[in-house]
Amino acid sequence: MEKDLSLHKPVGEIRGILWKNIIQSLSGVWRSIQVIYEHIDLIKVAQVEVQKTRALLGQMPEQDNRLIHFFNT
């Protein structure tokens with residue numbers, strides 16, 4: 001990249017080279033960002049289900065604890 005960014009090139013061309021490198025870097029990590037958001041959505045769904053289960057179990061702490069342990073594993 002350093003050889004591409006010489007002082008003899010116009011500023012517009014240098015900007016183009018920089019943006020090209022930025023876009024390439026982002027495309028390399030974009031899938032990881034998508035996976036993070038998918039996991040966040042799954043965690044939200046799991047939390048809702050845990051709350052529903054806790055409400056269904058009511059005053060049954062032993063079963064509640066086993067079910068929570070099951071969901072956490």
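The values are calculated or read from the model by the stated rules, or taken from the named source; none is laboratory data. Keep in mind that what you see is a predicted model, and the values were worked out from it rather than measured. Every residue, glycine as well, gets a Cβ built from its backbone with ideal geometry; the counts of neighbours run over all protein chains shown.
When residues in segment 14-27 are screened for being surrounded by fewer than 10 Cβ atoms within 10 Å (Cβ to Cβ) and among the basic types (Lys, Arg), 0 of them pass. Under the condition of being touching a helix residue (DSSP H, G or I) at 6+ places or on another chain (Cβ under 7 Å) and among the aliphatic types (A, V, I, L, M), the residues counted in segment 25-57 number 3. The residues of segment 28-69 that are modelled with pLDDT under 85, surrounded by fewer than 10 Cβ atoms within 10 Å (Cβ to Cβ) and within 26 Å of the chain's Cα centre (by Cα), listed by number, are Gly28, His69. Could you check, for segment 1-13, whether at least one of its residues is of a type in the set (S, T, N, Q) and either at pLDDT below 90 or surrounded by 12 or more Cβ atoms within 10 Å (Cβ to Cβ) (or both)? Yes, that holds for at least one residue.
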